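To start, the structure under review is shown below, and the notes come after it.
The values are calculated or read from the model by the stated rules, or taken from the named source; none is laboratory data. None of these values were measured; they are calculated from a predicted model. Backbone-built Cβ (ideal geometry, glycine too); neighbour counts: all protein chains shown. Accessible surface is based on the protein model in full, side chains and every heavy atom, while ligands, DNA and RNA are left aside. Shrake-Rupley method; radii C 1.70, N 1.55, O 1.52, S 1.80 Å.
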Amino acid sequence: MDDLLLISFLIYIAGIVAILVLPKNMSAKIAGISGSVGSVALLSFALHSLFSKTIYTASLWMIPNIGYLSIRVDYLSAFFLIATAIVTLPASIFASTRVSYIKESNNSFLLVLFLSLIIFVILVLISSNIFLFLLVWEVMSILIYLLVNSGKSERAGYIMLAVGETGTLAIAIAFLLLATNAKTLSFEGLEASISSLSVGMQWSVFILSFLGFGIKGGLIPFNFWISRAYSVTPTAFIPFIAGATLNLGLYGIIRVNANFLPMSEVGFGVILLIVGSITALIGILYATIEDNFKTILAHSSIENAGIIITAFGASMIFLTSGHKVAASMALVASLYHLLNHSVFKTLLFMGAGVIEDESKTKSLDKLGGLLKRMPWTGFFVLIGVLSISAMPPFNGFVSEWLTLESLLRSVELASLGVKVSFIIAGVLLALTAGLTVTCFTRAFSMSFLGMARSKSIEKTKEVTKTTLAPMALLAIVAFLLGVLPTFVIPTIDRAVYPITSASATTALVPPFFNNQKVADKLPSGFVNDFHNIGAQVGKNTLYGRGVVVMHRGGKDNPVVFAMSTSYMLITFLILFGLTVGLVWLLVARKRTVVYKTRWDGGIKNLLPQMTYTASGFAQPVRVIFSTILRSNISNQKETASKHFRLSIKQERQEVHLIDRLVLYPLMNFAKKLSHLLAKMHSGKINTYASYAILTLLVFLGISFYM
Amino acid sequence: MSYWVKKGLKTGVVSTRYPKQEETASGITPGLPQITDNINSDDLISVCPTRAIHKTDEKLLLESSLCIHCYRCSRDTKEPLSWSEGFEWASFEKNSTPFSSTFGHSLHICVVDSGDCGACLNETKLLNSPLYNMHRLGFFITPSPRKADVLLVVGAVTQQMKGALLKAYEAMPTPKKVMAVGTCALSGGVFEGGFIAENGVSSILPVDITVPGCPPPPLAILHGLLSLAGRKNIKRGTK
Ligand code: SF4
Ligand code: SF4
């Protein structure tokens with residue numbers, strides 16, 4: 001089974017070679033096939049290594065003075081590989097069908113870049129040597145930049161590259177600090193020498209790596225590139241970039257904190273918790289008021305990264321204060337949400353991209369009425385929307401619920417300050433969850449429901465089956481991840497166990513459903529409590545550990561929770577059936593049914609501009625959060641003579657909070673600095689000569705004292 | 001700090017006791033002229049602006065559904081008509097019945113202004129005021145015809161409002177009744193035969209009960225509603 005990793009690499013490389021060699025009109029098909037087949041191999045490899053509990057390691061080649069460039073697939077890597085493979089499989093089929101929509105560029109070349117990006121994303125996840133990691137990280141950043149720009153030169157791409165490079169620099173310094181301490185470049189070496197890290201060193205490594213990986217992962221304060229870059233990326237590639245590469249930043253944060261730093265400082269966790277929850281709120285706030293579906297999704301990616309990091313921060317705090325099981329539960333929640341986010345965000349980006357391409361409009365205010373024209377796209381986007389808004393029985397519900405539940409476990413903690421930060425994070429996340437529903441109700445209803453608000457929509461048609469298939473696949477995965485949490489949690493738990501050295505499986509999914517022996521061991525009160533809510537239904541027939549996720553704490557910890565999305569689904573189905581049956585019963589009697597126009601207020605003919613617009617939908621949120629948003633509102637009045645108004649025009653401009661507080665001050669500072677430096681360039685040869693001499697003197701002085 | 005509780009207690013109940021008791025306060029109705037058999041003056045026909053006073057079979061008759069209380073027949077003639085002070089004017093159209101007792105306890109009313117001068121609507125609005133307080137009788141105004149039992153129409157049905165009125169009627173669930181309030185709604189009133197409006201609601205919808213008056217006082221409308229609910233026995237129309 002270990003060969004499968006190599007095989008998947010070979011398939012990707014074969015795809016690249018085939019695209020370069022074979023005629024151009026075949027390149028899309030080749031990319032689709034090699035991308036998806038390779039991902040199947042990758043998925044089976046990752047699942048196998050997670051289930052068979054084998055750590056796959058390999059040394060690639062020896063570089064003098066640096067050592068072996070080695071790769072390693074441990075459980076954490078395997079989990080991330082699963083998430084990547086689940087995204088890559090549909091995303092590469094999707095890319096192959098949509099690449100022809102990119103105009104004025106060499107499409108086969110873009111597909112080569114796309115396949116290489118897949119390879120490098122995998123390499124980032126499995127490299128276990130600082131040198132190799134930084135190398136593939138850098139190549140990956142450049143590949144993303146090339147795909148984002150796709151032959152055009154977009155300002156957004158440059159911003160992304162500039163910020164990304166800053167991040168890489170921070171990551172490199174953090175790793176070098178670790179390497180100086182461990183005197184080796186291999187990850188194993190870093191893990192072995194954790195104990196010799198001084199507190200100051202720990203803090204600098206933490207801050208630098210958090211900053212560097214946070215840029216990739218979309219955390220505040222350096223996430224201003226995400227919304228810019230995602231909204232200009234071609235539809236073909238954006239699902240993969242959003243679904244798979246954002247995870248890399250989060251992977252970095254989790255990897256560094258879990259493996260290379262001793263989890264002893266409670267401050268790290270608190271910082272993650274607070275930064276994560278604020279990121280989540282700011283992300284969803286701007287998602288709610290944006291007008292472009294892709295930008296909405298970009299802001300929502302920021303939000304979800306925030307949720308993931310919040311849960312991870314909670315896990316770290318639990319671990320530093322010795323609550324290992326709670327830590328595992330929070331980490332399971334975090335990774336579960338990461339997996340879910342990859343799935344539904346890829347799905348939604350496919351939908352948003354298709355909408356933008358087919359209707360040729362970017363503004364939600366001009367969309368509408370697409371459901372009649374693209375019913376299947378609408379259906380799959382609806383599933384994505386339900387998942388991301390945390391609606392059962394879809395996947396977002398499970399992980400957001402687990403995240404909030406694990407935050408509630410803070411009652412066990414001793415320190416009041418930490419508890420307060422948990423409460424703040426919990427409140428912010430709850431607010432975020434509420435806004436998410438608003439945001440995606442708006443995004444879906446304004447694009448698919450109501451009347452078409454522009455002419456180009458009239459001609460919009462449903463996309464081909466090959467474009468719909470990846471969306472269908474992801475929708476099914478989103479549904480399965482939602483109704484089978486009791487099977488997913490033990491799987492994720494395998495990746496969590498080495499980090500927290502405690503299993504969350506028994507705590508979250510007690511195994512007494514089909515296993516009488518275990519049930520006898522559990523306290524009878526516990527069994528009885530959950531027996532009443534149906535936790536043991538199907539214990540003789542169902543495979544696995546049952547279908548209820550639950551937890552009851554110890555004596556001093558009163559938090560009890562239980563939920564089962566599987567039952568919820570069954571209940572929903574029964575209720576739905578009953579409703580339909582009831583209606584049928586009532587209607588089956590002799591009734592006259594009259595079909596007339598719905599009551600519309602007696603309007604003569606409804607024009608699209610008379611209906612609710614996306615801007616109108618978001619207005620309450622804008623008003624409520626006006627202190628944070630601080631939009632620039634300019635009023636213009638046109639008057640004839642003094643008091644007779646001809647027109648009033650109001651314009652509103654949103655400047656993102658992060659732009660206002662971070663990006664623009666940074667830019668101003670850079671401008672001022674360059675002005676200062678420009679003064680040195682007087683143009684006189686004598687001055688330059690004196691600079692040279694001064695430099696020489698300074699260096700001589702330094703070398704004299706060294 | 002407001003003293004509305006104290007003020008309210010001090011004021012006491014101001015609502016009319018109608019329909020349990022007679023309401024005889026002055027000024028609650030504009031009244032209608034009355035024709036007695038011995039009056040037979042062609043002069044009256046010429047002063048009446050709406051042809052409410054007309055002659056059939058050599059007999060002078062008053063069609064109260066056309067009267068606009070202009071008082072010309074009681075002031076500007078040699079033979080002035082006497083004036084009656086009642087307000088129980090509502091009458092069912094032919095073949096129309098009140099709601100059955102199951103539906104008669106509480107009615108939800110959708111008011112449609114199909115182009116009135118404003119007065120009829122104002123009188124209807126007064127039903128909600130403390131003085132008439134129709135809630136005590138189980139009558140409620142609803143903005144949506146989907147929830148209404150009664151469609152209360154005021155105005156002469158202008159071309160612009162015709163579609164909306166029809167839509168509102170179609171949107172109502174059965175059993176439903178249409179109540180035409182005011183001379184305009186009954187026959188077109190002063191706009192009768194004009195190019196801008198229909199000649200009353202009955203030209204486009206099946207009207208169940210009519211309340212004459214220009215405008216009818218609130219108590220007349222209340223009387224109409226009570227009749228619709230089957231709580232007042234009234235004369236049947238012959239038209
Ligand atoms: S009050 Fe005016 S409208 Fe009524 S009957 Fe007399 S003259 Fe005619
Ligand atoms: S009946 Fe009289 S009061 Fe009512 S709308 Fe017509 S003109 Fe106005």
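Go through segment B:107-125 and give me each residue that's in contact (Cβ under 8 Å) with a residue 60 or more places away in the chain and more than 25 Å from B:GLU192 (Cα to Cα).
Once the filter is applied, which keeps residues that are in contact (Cβ under 8 Å) with a residue 60 or more places away in the chain and more than 25 Å from B:GLU192 (Cα to Cα), segment B:107-125 yields B:LEU107, B:ILE109.
Check every one of the helices (runs of 4 or more DSSP H) wholly within segment A:150-234 and list those with 2 or more residues that are in contact with a helix residue (DSSP H, G or I) (Cβ under 7 Å, 6 or more places away or on another chain) and under 30 Å from A:GLU356 (Cβ atoms). Talk me through it step by step, then tell me what you get.
On the way: elements: A:155-182, A:187-192, A:199-217, A:224-232.
The helices (runs of 4 or more DSSP H) meeting that bar are A:155-182, A:199-217, A:224-232.
If the requirement is being closer than 20 Å to A:ILE238 by Cα and touching a helix residue (DSSP H, G or I) at 6+ places or on another chain (Cβ under 9 Å), which of these qualifies: A:VAL398, A:VAL343, A:VAL325?
Checking each option against the conditions leaves just A:VAL343.
Please work out which residue is farthest from the other protein chains (Cβ to nearest Cβ), limiting yourself to segment A:580-610 and to residues that are of a type in the set (S, T, N, Q) and under 19 Å from B:GLY163 (Cβ atoms).
My answer is A:ASN605.
Taking the conditions exactly as written (more than 16 Å from ligand 1 (Cβ to nearest atom), at positive phi and surrounded by fewer than 23 Cβ atoms within 10 Å (Cβ to Cβ)), does B:GLY138 satisfy them or not?
The answer is yes for B:GLY138.
Is it the case that B:ASN95 is surrounded by fewer than 19 Cβ atoms within 10 Å (Cβ to Cβ), away from chain A (no Cβ under 14 Å), free of Cβ contacts under 8 Å to residues at least 40 places away in the same chain and over 14 Å from B:ILE204 (Cα atoms)?
yes
Among the residues of segment A:2-39, which ones are among the small types (Gly, Ala, Ser) and within 28 Å of the chain's Cα centre (by Cα)?
A:SER8, A:GLY15, A:ALA28, A:ALA31, A:GLY32, A:SER34, A:GLY35, A:SER36, A:GLY38, A:SER39
Select from segment B:98-127 the residues that are open to solvent by 80 Å² or more (accessible area, probe 1.4 Å) and either within 17 Å of the chain's Cα centre (by Cα) or not assigned by TED's automatic domain parsing to the domain that holds B:GLU192 (or both) and list them in ascending order.
Quick first cut of segment B:98-127, residues open to solvent by 80 Å² or more (accessible area, probe 1.4 Å) only: B:101-103, B:105, B:117, B:125.
Answer for segment B:98-127, where residues must be open to solvent by 80 Å² or more (accessible area, probe 1.4 Å) and either within 17 Å of the chain's Cα centre (by Cα) or not assigned by TED's automatic domain parsing to the domain that holds B:GLU192 (or both): B:CYS117, B:LYS125.
Looking at (1) within 14 Å of chain A (Cβ to nearest Cβ); (2) of a type outside the set (S, T, N, Q); (3) open to solvent by 20 Å² or more (accessible area, probe 1.4 Å), can you tell me which one B:GLU198 breaks?
In the conditions (1) within 14 Å of chain A (Cβ to nearest Cβ); (2) of a type outside the set (S, T, N, Q); (3) open to solvent by 20 Å² or more (accessible area, probe 1.4 Å), B:GLU198 misses (1) alone.
Could you tell me whether any residue of segment A:425-447 is closer than 21 Å to A:HIS323 by Cα, over 19 Å from the mean Cα position of the chain (by Cα) and in a helix (DSSP H, G or I)?
Keep residues of segment A:425-447 that are closer than 21 Å to A:HIS323 by Cα, which gives A:425-426.
With over 19 Å from the mean Cα position of the chain (by Cα) added as a condition, the list becomes A:426.
Filter once more, so that each one left must be in a helix (DSSP H, G or I): A:426.
Among the residues of segment A:425-447, at least one is closer than 21 Å to A:HIS323 by Cα, over 19 Å from the mean Cα position of the chain (by Cα) and in a helix (DSSP H, G or I), which makes the answer yes.
For B:MET161, indicate whether it is surrounded by 18 or more Cβ atoms within 10 Å (Cβ to Cβ) and either within 14 Å of the chain's Cα centre (by Cα) or more than 13 Å from ligand 2 (Cβ to nearest atom) (or both). So that I can check it myself, show each step before the final result.
Values: surrounded by 18 or more Cβ atoms within 10 Å (Cβ to Cβ): yes; either within 14 Å of the chain's Cα centre (by Cα) or more than 13 Å from ligand 2 (Cβ to nearest atom) (or both): no.
No.
Here is a list: A:VAL420, A:VAL325. Which entry is open to solvent by 10 Å² or more (accessible area, probe 1.4 Å), without any contact (Cβ under 8 Å) to a residue 60 or more places away in the chain and either of a type in the set (Phe, Trp, Tyr) or assigned to a helix (DSSP H, G or I) (or both)?
A:VAL420
Take residues that are surrounded by 13 or more Cβ atoms within 10 Å (Cβ to Cβ) and tell me which of the strands (runs of 3 or more DSSP E) falling wholly in segment A:546-652 contain 2 or more.
Where strands (runs of 3 or more DSSP E) fall fully within segment A:546-652 and carry at least 2 residues being surrounded by 13 or more Cβ atoms within 10 Å (Cβ to Cβ), they are A:549-552, A:560-563.
Where the second residue is part of a loop (DSSP other than H, G, I, E, B) and the first is open to solvent by 100 Å² or more (accessible area, probe 1.4 Å) and lies in segment B:11-27, which pairs have Cβ atoms under 9 Å and are six or more apart or on separate chains?
Here the result reads B:VAL13/B:PRO130; B:ARG17/B:GLU23; B:THR24/B:GLU85; B:SER26/B:GLU85, each pair linking segment B:11-27 to a residue that is part of a loop (DSSP other than H, G, I, E, B).
Which count do you get for residues in segment B:65-90 that are open to solvent by less than 70 Å² (accessible area, probe 1.4 Å) and within 16 Å of ligand 2 (Cβ to nearest atom)?
Total meeting the criteria: 10.
Is one or more of the residues making up segment B:56-64 open to solvent by 30 Å² or more (accessible area, probe 1.4 Å) and within 16 Å of ligand 2 (Cβ to nearest atom)? Give the steps one after another, and end with the answer.
Of segment B:56-64, the ones open to solvent by 30 Å² or more (accessible area, probe 1.4 Å) are B:56-59, B:61-64.
Right, trim to within 16 Å of ligand 2 (Cβ to nearest atom) and you get B:63-64.
Yes; the residues of segment B:56-64 include at least one that is open to solvent by 30 Å² or more (accessible area, probe 1.4 Å) and within 16 Å of ligand 2 (Cβ to nearest atom).
Pick from A:ILE282, A:ILE241, A:ILE302: which is open to solvent by 10 Å² or more (accessible area, probe 1.4 Å) and either among the hydrophobic types (A, V, I, L, M, F, W, C) or in a helix (DSSP H, G or I) (or both)? Talk me through it step by step, then tell me what you get.
Working: A:ILE241 fails: open to solvent by 10 Å² or more (accessible area, probe 1.4 Å); A:ILE302 fails: open to solvent by 10 Å² or more (accessible area, probe 1.4 Å).
Result: A:ILE282 is the single residue among A:ILE282, A:ILE241, A:ILE302 that is open to solvent by 10 Å² or more (accessible area, probe 1.4 Å) and either among the hydrophobic types (A, V, I, L, M, F, W, C) or in a helix (DSSP H, G or I) (or both).
Take B:LEU205 and tell me if it is in a helix (DSSP H, G or I) and either open to solvent by less than 30 Å² (accessible area, probe 1.4 Å) or within 25 Å of B:TYR132 (Cα to Cα) (or both).
No, not satisfied.
Mind listing just one residue for me: the one in segment A:342-378 that is closer than 11 Å to A:LYS294 by Cα and of a type in the set (Gly, Ala, Ser) and, of those, surrounded by the fewest Cβ atoms within 10 Å (Cβ to Cβ)?
A:SER363
Residues of segment B:164-190 being surrounded by 18 or more Cβ atoms within 10 Å (Cβ to Cβ) and at pLDDT below 90, which ones?
B:SER187, B:GLY188, B:GLY189
Got a sec? Which of A:SER100, A:SER70, A:SER108, A:SER92 is farther than 24 Å from A:LEU331 by Cα and touching a Gly at 6+ places or on another chain (Cβ under 7 Å)?
A:SER92
Take the residues in segment B:35-52 that are in contact (Cβ under 8 Å) with a residue 24 or more places away in the chain and away from ligand 2 (no atom under 16 Å from the Cβ); name whichever of them is surrounded by the fewest Cβ atoms within 10 Å (Cβ to Cβ).
B:THR36
Quick one: in segment B:208-224, of everything that is open to solvent by less than 10 Å² (accessible area, probe 1.4 Å) and in a loop (DSSP other than H, G, I, E, B), which residue is farthest from ligand 1 (Cβ to nearest atom)?
Selected residue: B:PRO217.
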